[in-house]
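Single-structure report; data block below.
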Amino acid sequence: MIATYLQKTWDNKDDTIPWGTLRYLIGEAMYGGRVSDSFDRRILKTYLEEYLGDFLFDPYNPFAFFTGSDGIVYKVPDSGQKENYTSYIDSLPLVQTPEVFGLHANADISYYTITTKTLWRDLISLQPQGGDNQGGLRREEAISNIAVDLLAKLPKPFDLPKVKKDMGIPTPVQVGHPLSIFLRSVTLLICTNFMNTKSHRLSCYKNLKGGTN
């Protein structure tokens, strides 16, 4: 969308870059609907106001988004061929510090703290839950017992060939009769559900026991 608009501006030989339109396209049309938090929208609009303007190309007062203590300058690359831009991007660090985005350095600490806690919480939740000191069952054993109990309670599925034999060959009148169609459909549905349920319970039980199927 932006490329099309800029190309149109270039083709019309406009003297000025429509920064206001670009801010609207980026902040409202492209990303506006994805940013639901009001404070995040304020940050997005602030970035657009601070980083989009003719000052980016002022030869007398070069603009830098950020200048790091290590001497790395985040700026708009000098005009040139495509390789000029790609080589400059490749020279930037892969991991950016919070200061590059105008945030406090502690934002990095907070991010890693939250990420680490989330990671450990997920790892702990994946560990087997052992029983207590009074002979309680492990989680896998309890689930296995439930699976076995459910398998024992499942009724045997209908014998479809026998059912068809008992029902006999339908007469021309019975073929299209609603009750006949309903009974045949329900019988097939019940048998299918029985077989799927039994298959799922068996898979669960075998997985808990270390099986592969």
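Straight-distance candidates among the aspartates and glutamates for linking to Lys117, with alpha-carbon spacing under 17 Å and chain neighbours fewer than 8 residues away dropped: Asp108. For segment 15-136, the normalised intensity computed at q = 0.13, 0.17, 0.19, 0.23 Å⁻¹ comes to -0.79, -1.16, -1.30, -1.38 (log10 of I(q)/I(0), Debye sum over alpha carbons, equal scatterers, no solvent). Panel order for Phe101, Phe182, by other beta carbons found within 10 Å of each beta carbon, from fewest to most: Phe182, Phe101. Gyration tensor over the Cα atoms of segment 1-52: the corresponding equivalent ellipsoid has semi-axes (square roots of 5 times the eigenvalues, largest first) of 25, 12, 5 Å. Lysines near Lys82 by alpha-carbon distance under 28 Å, same-chain residues fewer than 8 away left out - which ones? Qualifying lysines at Cα under 28 Å: Lys8, Lys13.
Lysines near Lys164 by alpha-carbon distance under 18 Å, same-chain residues fewer than 8 away left out - which ones? Leaving aside lysines fewer than 8 places away in the same chain, those within reach of Lys164 are Lys156.
Each value in this text was obtained by applying a stated rule to the coordinates, not by laboratory testing. Predicted model only: the values in this text are computed from it and were never measured. Every residue, glycine among them, receives a Cβ derived from its backbone with ideal geometry; neighbour counts consider all protein chains shown.
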